[in-house]
Amino acid sequence: MFIISYLPLIFKWLLICLAFLIIVPFTVQLIIWIVLILACFTIPMNKEYSSPSNFYRRLFNLGYWSLCKLARVRIHTSGLENVPYGTRFMFISNHRSKFDNMIHSLVLHKENVAFISKPENFNIPIGRHFMVRQCYLPIERGNPKSGLKTILKASDYISKGLTSIGVFPEGTRSLDGKLLEFKPGCFKIAEKTGCPIVIGVTQGTQNIHKNFPWKRTDVYFDIIKLISPDEIFGKKTVELSDYSRNLISSYLESDKKD
């Protein structure tokens, strides 16, 4: 009888707790996106920025964090001790999903990594402002002139110590999980600058869209190798490309999580 008499009060507090669990995260997300939208008005799209901003990098990653939270992504990492923070580097990884860049930026948050991306991504609402502000570079597939211009610009950024550069050497997402052939041209960035190459492997991001909203998605991001400038010296782009691809391919075969 004692417990029964308190049931209305218990039910009331359960409802309050449930409302708290729903309303607070929603309010936090709403505030984040209001801040991001307002920040867009402070980033002119017709201006070419000479260097990235730590402030806008944190805001950009806040947006990535928000999207990953909404998509119920849980990130597992390894090998981060191999990232040479304080030194500008070229970062490469296999490519499975539109979430790859978000995961990489969140995990490598101590370093600004300006990714080379297809022109269509510079039309994404909100995101395009931060991409421009953080010196992301567009590259047109099948356009050698555009590709060379982007490679030279990326090399200049690294040489001047402005930002690290992120590249997906496959050039596009692999839809079936098989590692695509690499485009050797992007390795000219490391060849020209002598910067180290950080090699990452990303697994699980292709499941995010399939699992949302009912299941949490486990994503695995592993840094498997740091190629030092000494290892790069004297090597041709094709050699660097084949070596990097073989490392990623072997890792995927031995540690497959799909």
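The values are calculated or read from the model by the stated rules, or taken from the named source; none is laboratory data. Every value quoted in this text rests on a predicted model; they were computed, and no experiment measured them. FYI the Cβ positions are ideal-geometry reconstructions off the backbone, even for glycines, and counts take in every protein chain you see. Quick note on the areas: whole protein, heavy atoms, side chains included, nothing else; ligands and nucleic acids left out. Shrake-Rupley method; radii C 1.70, N 1.55, O 1.52, S 1.80 Å.
May I ask you to list pairs of residues, at least six apart or on different chains, whose Cβ atoms are under 6 Å apart, with the first in the range 120-140 being without any contact (Cβ under 8 Å) to a residue 40 or more places away in the chain and the second being surrounded by fewer than 17 Cβ atoms within 10 Å (Cβ to Cβ) and part of a loop (DSSP other than H, G, I, E, B)?
That search, which allows pairs on different chains as well, returns nothing.
Evaluate the following for LYS235: is it part of a loop (DSSP other than H, G, I, E, B) and under 14 Å from PRO184 (Cα atoms)?
yes
Can you give me the number of residues within the range 205-226 that are in contact (Cβ under 8 Å) with a residue 60 or more places away in the chain and in a loop (DSSP other than H, G, I, E, B)?
Going through the range 205-226 one residue at a time, the tally reaches 4.
Among the residues of the range 227-258, count how many are open to solvent by less than 60 Å² (accessible area, probe 1.4 Å), touching a Pro at 6+ places or on another chain (Cβ under 8 Å) and either of a type in the set (Phe, Trp, Tyr) or in contact (Cβ under 8 Å) with a residue 40 or more places away in the chain (or both).
6
What about ARG173, is it at negative phi, buried (at least 22 other Cβ atoms within 10 Å of the Cβ), of a type in the set (D, E, K, R) and under 20 Å from the mean Cα position of the chain (by Cα)?
No.
Conditions (1) touching a Gly at 6+ places or on another chain (Cβ under 8 Å); (2) at pLDDT 95 or above; (3) open to solvent by less than 100 Å² (accessible area, probe 1.4 Å), marked per residue:
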site	(1), (2), (3)
TYR6	no, no, no
LYS12	no, no, no
LEU18	no, no, yes
PHE26	no, no, no
ILE32	yes, no, yes
LEU36	yes, yes, yes
CYS40	no, yes, yes
PRO44	no, no, yes
TYR49	no, no, yes
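Check off (1) touching a strand residue (DSSP E or B) at 6+ places or on another chain (Cβ under 7 Å); (2) within 24 Å of GLU140 (Cα to Cα); (3) surrounded by fewer than 23 Cβ atoms within 10 Å (Cβ to Cβ) for LYS183 and give me the number that stays unchecked.
Here LYS183 meets the rest and fails (1).
Criterion first (more than 20 Å from LYS47 (Cβ to Cβ), part of a helix (DSSP H, G or I), in contact (Cβ under 8 Å) with a residue 40 or more places away in the chain and open to solvent by 20 Å² or more (accessible area, probe 1.4 Å)) does GLU191 satisfy it?
Taking the combined requirement at face value, the residue satisfies it.
Sort out for me the strands (runs of 3 or more DSSP E) sitting completely within the range 61-165 that have 1 or more residues that are touching a strand residue (DSSP E or B) at 6+ places or on another chain (Cβ under 8 Å), of a type in the set (Lys, Arg) and open to solvent by 50 Å² or more (accessible area, probe 1.4 Å).
It comes to 73-78.
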